[in-house]
1. Using packing as a proxy for protection, rank E:425-436, D:111-122, D:27-38 so that the peptide with the highest average count of other Cβ atoms within 10 Å comes first.
2. Tell me, B:L179, D:L248 in order of fewest to most beta-carbon neighbours within 10 Å?
3. Please report the net charge: other residues with Cβ closer than 13 Å to the Cβ of B:T305, K and R +1, D and E -1.
4. Kindly write out, for the stretch B:173-178 in residue order, the coupling ³J(HN,Hα) from the Karplus curve 6.51 cos²θ - 1.76 cosθ + 1.60 (θ = phi - 60°), rounded to whole Hz, with x marking Gly and Pro.
5. All other residues with a Cβ under 11 Å from the Cβ of E:N109 taken together, and with Lys, Arg as +1 and Asp, Glu as -1, what is their net charge?
6. Across the stretch E:9-15, in residue order, what do the Karplus-derived ³J(HN,Hα) couplings come to in whole Hz, using 6.51 cos²θ - 1.76 cosθ + 1.60 with θ = phi - 60° and x for Gly and Pro?
7. Which value does Rg/Rh take for the stretch D:222-312 over its C-alpha atoms, Rh per Kirkwood?
8. Using a 10 Å cut-off around each Cβ of peptide C:66-77, what is the average number of partner chain Cβ atoms that fall inside?
Amino acid sequence: MNPSALIYLLTAAIVFGIGLHGLLQSRQILRQLLCINLMGGGIFLLLITLGGGADGPPDPVPQAMVLTGIVIAVSATAFALALLLRWHELGDSTELDAVANADANTHDE
Amino acid sequence: MTNEALIGLIFLPLLGACATVLPGRFATYLGILSGLAPLPLLLVAVTLSVAQNGPGFLELGGWAAPLGIRLFVDPLAVLMLWMVAIIGGLAAIHAWCDFPPASPSGQRFWPLWLLLTSAMNALFLSADLFNLYVCLELITLTAIPLIALTGSKTAVRAAMRYLLLALLASLLYLLGVALLYNATGTLDLYLMRDALAAAPPAAVVATLALISLGLLLKGAVFPLHVWLPKAHASAPGPVSAVLSALVVKTAIYLLYRVWLWSVPATVAAEQALTLLAILGAGALLYGGVLALLQQRLKLVIAYSTVAQLGYLLLILPMASSGAWPVAWQGGTYQLLSHGLAKAAMFLAAANILHALGSDRLSDLQRLDQRQPLSLFALAVAGVSIMGLPPSGGFLAKWLLLDAAFRSGQWWLLAVLVAGSLLAAAYVFRILAASLRRDDPTEADPVADTKAIPNVQTACAVLLALLALAAGFAAAPMIEFIGPGAPGAWSRP
Amino acid sequence: MSLSEVMASLLLLSGCLFYVAGTVGLLRFPDVFSRLHALTKADNLGLFLICTGLALHSGSLRIAGLLLIVWILGLLAATVSCHLIARRAVRSGQMEPPA
Amino acid sequence: MIGLAMDCVLALGIVFLAVQTVRSRSLFQAMLMFIVFGLLMSLSWARLHAPDLALAEAAIGAGITGALLLVTWRRLQAEGHDPVESEQSAPSMWLTLPTAGAASLLVVIIGWVALQLPAVPGTAGELAWQRLEEVGVSNPVTGVLLGFRAYDTLLEMAVLLAAWLGARAVATEFRPGALPGPAHAEVPLVGALLSLVVPISILVAVYLLQAGGSAPGGAFQGGAVLAAGGVLLCLTGRLEAAADTSGLERLGLILGLSVFSLVGLLVMAGGGPMLALPGAWAIYLVETALLVSIALTLVLLFAAAPGLRRAS
Amino acid sequence: MSFGWQALPLYIILVSVVTGILVFMLGEQRQHTRTVLNLAGAILKLALILIMLLAIQAGTTFEFRLPLLPGLDLLLHADRLTMLFATLSALLWLVTTVYAIGYLEQSPNRARFFGFFSLCVAATMGVASAGNLFTFFIFYELLTLATWPLVVHRGTPEAFAAGRIYLAYTLAGGILLLVGLIWLHALAGAGDFILDGSLAPIASGNENALRAIFVLLMLGFGVKAALLPLHSWLPRAMVAPAPVSALLHAVAVVKAGAFGLVRLIQDVFGFQLAASLGLTDLLAWVAGVTIIYGSVLALKQSDLKRRLAYSTVSQVSYIALGVATGGVLATIGGLVHLVHQGLTKITLFFCAGNYAEAYGIHKVEDLDGLGECMPVTSVCFTIAALGMIGVPPMAGFITKWHLGAGAMAAGAPWVILILVASTLLNAAYFLPLLQRIWFRPLTEEIARRDDRLGRIRQVALIAPTVFVAVTALAAGLLAGIPGSPLFWVTRMVGAEGP
């Protein structure tokens, strides 16, 4: 395998891992969203690297997949941000564990 | 003719959604009606064709796989499509009262609803892994706004949690798909079996584990179900119905497709399938116990969904045994009857919540006088959920038990039995709460009950009666479903 | 190595130098205005040098034209954004240099 | 050799920025890090011979996403939600260690699987190269997006529409001051820049659209560039939030999806296969409709308002 | 699947289902329509059963088959055992309906009550006419579902507690039954498996499996039949109104369990096979222990209805004992007790209900001197109590005589001991009651109470009581003439006998 491909492969995996780690340990929704986007970036990088991007024009099918994926990611992010705004208007915290507590209290409403 | 019908199933609701976005009352009505009403008719054509000619493919754009995207229709897909048409249709009628198309709330509701319908139809028909990813995202991005539509604190919070986990799930799935494409050079579900058989099994299993993890998260399979109860319980009634009856099933459906259709037997070994079944068993027991502990009707029903999804995974370890056809029939029948019953329960619960202003179990007393028909729907659907005769749930449970016996999987038998006892416990808990009358001297309780439009009551009752009727009309449907996945026709 | 290539390399290197200087300024200077001062001037020049270097390197007029557009657009964007940042800083009362 | 060194630098930069996105204490800083991460990703696409993606990532991944993040941040602040909470309390070790463990495990699995699974010949991509001319374009990515896998693209438009519908569905009632407002409107420089940049963005968008057939570009990149122009107009107060979505806006939102579907259906009605776009002209027609919808949807998502109108 | 004349068993079930649904739809207020509907349904059903009885005499066979699953049909048919149970239930349903109309006058939620009452009988008819175990199970579970709302009818916490116990027992029993059934299905393959001897060919090699299945099925039926460790729901369920008790004990639930045991021995396994596997002894022993245990506990109850309930626990096991002992005479004894116990016990419950309604009497001590102010009810009570004890020539004696003779013939003399002990115990818990009713003076406190029954209710409550008491008496006195329960059972055993 081409050394560049190896580098990007590694980068892809690590970025995905960092995103996952951040998603799981963070309590801030906005940061969790960033992490999800990081993970997406990792996957896209993986797709193109595996598609042979390091050796020449990569396989067009993964490219199309990534392009679609980028648009889907921005759609999801946009919706999530709209939901976040709404969330903020209702509550006073963007932390999910605050929700857990609030839910425990309002559980029986 | 079939091809046109298949295209119609996806594109009519899609264009209907477009029409509802346009200004004007006429466009809205036109969009809703043309998007939903013709679906059953189209399905009749599809069903007849599948019954006559067997499963078939439709190449979109005329590009053959692996280059292009194919649609695949087989009895399982037809079953799911019928569920979308019937459950989605009745839920839509129910929603018509709460979200009148011309009102601002209707303007928000209907385009999303139609897109969701289209997305589910697309998902059940798609034969392409990446296309399925797009479908999954479309479902996520239409279902979650529908949950948050009420704008209540609980709903928005539940929606947010659901969204984050659903996006994570999609990414895990996509990661698996990326690796699979690299290993097989195709995204077609039904073309990758041979290539996968040649690849190193351990790596394939790891890849499938990623895909399955994503799907289990989307399907709210124990222990990844945390998002489900509140999301389903805080959504508007018809949305809850469709979420529980259809949306979570999409993930289970894909699990079936991946593990039973596209994976070679060397990889889909007993251990992997047994692991999935163990999760199903956990769901059945854990969901049942938690349903028993809830204080609110909709939460009980939502946890019951967590539990009932377990049944669908329990059949997997029997895939290689002689009992498979029976197990498969039981699984698919469970899919159907749970869908009908759960949708009926959620619609009835929505009516009750609306009429009483509360769905706390302690507020339900004398429900038999205040909301007799909703209680009837709840009870009849509950019978199916418990798996007691006469109902679709009973026949499904019978088949599952039968299969467990034939394959000699005794632990499955024990789990099934425990699961149905738990189901009986939580359903009867609801019924007991609604027959109670703590204070016999209390003034007429009917007085402070709001009236529910007859149509809404009728939708719940009709779905419950369908769940009941499923207990009688099983034979033709089960014949149609056939022997299940790894049969001769799974790889035409 | 031809003369034009040497020239190009020199231009590129000096362009990078300006960028480094600008960045160091951004990091080291104490307040908004001096940071902007370092950044915009040095970077604009750096961009010009790099664009010229690349144009020489490519040896094609079409590309040179494109690079010119790049430089002009960069210049414009930098000017306006620098102006806006400074304006905002003035409005929010950061005019006084730190004691 | 220099290429390899550059790859290394890029990779290190990407990983560093990812770590910063996760680790930096300030949420705002994390957002900035993420935006820069997008830019570096865009560079790496270029390094990986995927200029279409580089364009898309720069315009959408870093550009529009960044703008959305920043404007949301600003709205949160404007709502009086104190950005103090952006200070992330250090997560407990009990949470960090397992998640880090799980994440590293996954990293190892991904790496290992990617190395284990051999790339097979005869992939869909190779077929796509071979049969590209049947679609009628020479850019293979466009060929896949609008030819072989047109159905994906169509559903992707539905996803974009759903995002807007969803954002509208969860939004609270309209408030006129939702957009940043004409704070910079009176700055003469801004006006001059706008009068230059907005026409350029239209020009670039159209160029990207028509170039997409044979060179990097296409409806998505073009749409994003056009959207960037719209975002600028919003930011500078040239466009302001309207209480209602106008009929024209509604039409624009569904234009891509419905034109695409209808063309596909017409082809089928004429006896052809569903979604087989008959020749390059149909592709351009569809792409134009897509471009309009993409740009409009993204701008409206950015504005977080039902509609937009020219500032009075 | 044919819906013609052959499907009469289906229509008999549907009569009750439709009655039930109509009653639900009528709502609470339309009392007269409801009464007419209830009575019309009950009479129509009885008429249909009599027609079917005559048609069977004339040699017609009835069968309705609806495929539910591949290889599994909903099968309704009518054999002699069906007719025995169906006639009994239909007759008693009519009587109980009349009684319930009177009993529940003025009380709330009557629409719900009568609706489920009808569904309950529909399920019982299904149990009676089930042509295979699968069908049997469906109706058996339906019976559970339809009875629960009746048990909790009063809506009080005690009622719900009783309902919970009832469900816990019956649903658990249902699951055991289901597991046994599925096992049997897997073993014996598809087909109708109530067919005598159909298990014999597969018996060799599968003895232990068959034993396990038998035990599972026995437990499943035993719950409703109140066999020993599974009986404790029955006394708890006494919180329900008196007609429900009558229904539980005499018409539907307990009878369905006992009927299942009869089917199990007679039809599913066949006596020979069951005996060769040692299973009949097991059942006989369990039944014997239950008889003694139930009687002993009945002795200790001071609440009248609870005493009657434990008496049921004891008496129902005679049926199982008779069938499990085997031989013509014992089988006759067991089967005829199905009828005799039903008639006698329903009389007792009606009487207890009358006492409770008229003077609010629930305790045994309060019965003193009631013969004076409620002579008709007290006479009926006496007849039934003597019948239970087995005083010749009452119905109970007929049963016990056949059981005893059958036991001797079958070489199980220990059964005689059980019978003697049980008779003594029966006497011990019934005779004091009679003594109190007839020979003690009325207590001051009771004498001061008014008779709370109005004139109409008096007719509606007393008439059914008298009717069942007379029938119970006749079943014993006229046992020798054609048409009596004994006559039917003898013919039945003679024709199909073991």
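What follows draws every value from the coordinates through simple rules; no lab data is involved. Given the structure is predicted, the values throughout are model-derived calculations rather than measurements. Glycine also receives a Cβ, built like all others from the backbone with ideal geometry; neighbour counts cover every protein chain displayed.
1. Most protected by this proxy first, the peptides run D:27-38, E:425-436, D:111-122.
2. On the way: B:L179 27, D:L248 11.
Ranking B:L179, D:L248 by Cβ neighbours within 10 Å, fewest first, gives D:L248, B:L179.
3. +4
4. 4, 5, 4, x, 5, 4
5. +3
6. So the J values, rounded to whole Hz, are x, 4, 5, 4, 5, 5, 3.
7. Rg/Rh: 1.11.
8. On the way: counts 0, 0, 0, 1, 0, 0, 1, 4, 0, 0, 6, 2.
Partner-chain Cβ atoms within 10 Å, mean over residues of C:66-77: 1.
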